[in-house]
Amino acid sequence: MSEISRYTLYLVFFCFIFCSILPQNAASQNFTHPLGTVSKPTTQALESLWEIAPKQEKTSQDLEKFAANKVIPETLKNEILEALSYYPELENTHIDFLFYKNIKGSVMQAQPKIKTMWFRNKSKRSYKVKISRHLHLVHRDMKVEEVPHDVLVGWIGHELGHIMDYRDRSNLAMACFGVNYVCSKRFLRKAERNADKYAISHGLSDYIIETKHFILDHAKFPKAYKEKIRELYMSPEDVIASVEEVEEQEDE
Ligand SMILES: [Zn+2]
C-alpha cells in the first residue's frame, strides 16, 4: 500500500472515530428571558460587569440575519439565533442544528460534518450541533424546550465555542483532536474549557453561568452526570475569574 493510501485510510479512520464520539456540553436556573430583554446577572461580580457592558436589546428582526447558512429547528429558533448573534464570525459558516432522539451521555454535541472534511480549505467545512430531544432526569425525561431560555442560550453558546475552536484546525489536526478527545481526559477537559472561554470572550458569560447552575443545582439530574460536569467543565467561579481576566486584558 502506498504511503498516500495508508495516510488516507488513517484519516478516514480518525475522522470516523471523531465524528461518532466527540463533545458534549456543560451547563442551569430558572430565569425567563423574553427576547430582547435584559436578564438578571447571577452573581455580584457579574452584576458589576453587567453595568459595564449591558446586553443589547435584540429584536426578532435583528436576529433573523444570523440564520444565514444555518439549519435551525423552529422549536429552538429564538435560543439558537440569540446564541449565534454573539458569534458574528460564524455568519458564513454552515451549521445544522439537528434534534436527536438520544446522544450518548450528553445533551448537545458540536461536530464537523464528515463529508466536508475532504475540502482542502477548512473555511468550507460545515458543522452540526446535535441536540437531544430530551434531558434525562432521575425520574423522568424533560423536553429540551422546557429548559429555561437563558440556559439554552448558554448551552448552545458553549457548542458554538467548540466550533470556533475547530475552525482554525486543519483536517488532520481535527482528526487528531478527535482521537485525543476520546482517549485523554486531560485533553477533553481542556477542550471543554476552551469552548467555555470562547463563549465568555464573546459576551455569553452570564448565560454560561446559568447553564452551569441549571445542571449543578438541579436536584433531578443524575449524580453521575453532575460529577462529570464538575470534573470536566469550568465551575461558575471559574467563569467569573475568566470574565475578570478578559476584562483586564481589554483594559491593557
Ligand atoms: Zn462541550
query: Between Glu252 and Asp168, what is the FRET efficiency for a Förster distance of 25 Å, r being their Cβ-Cβ separation, to the nearest 0.05?
result: 0.60
task: Take the cross-link list Lys115/Lys223; Lys124/Lys220; Lys197/Lys220 and give me the ones stretching past 30 Å between alpha-carbons.
output: Lys115/Lys223; Lys124/Lys220
query: Rounded if a/c is under 1.5, else prolate if a/b is larger than b/c, else oblate: which is the stretch 99-252, with a ≥ b ≥ c the root eigenvalues of its Cα gyration tensor?
result: oblate
query: If we count other beta carbons within 10 Å of each Cβ, what is the order of Lys115, Lys228, fewest first?
result: Lys115, Lys228
- line: If each part is reduced to its alpha-carbon centroid, the stretch 191-252 and the stretch 55-107 end up apart, in Å, by 20
field: For Leu204, Leu137, Leu216, order by how many other beta-carbon atoms lie within 10 Å, fewest first
entry: Leu137, Leu216, Leu204
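Rule-based calculations on the coordinates, nothing more; no lab input. Since the model is a prediction, treat every value here as computed from it, not as a measurement. Ideal geometry is used to build each Cβ from the backbone, glycine not excepted, and the neighbour counts take in all protein chains shown.
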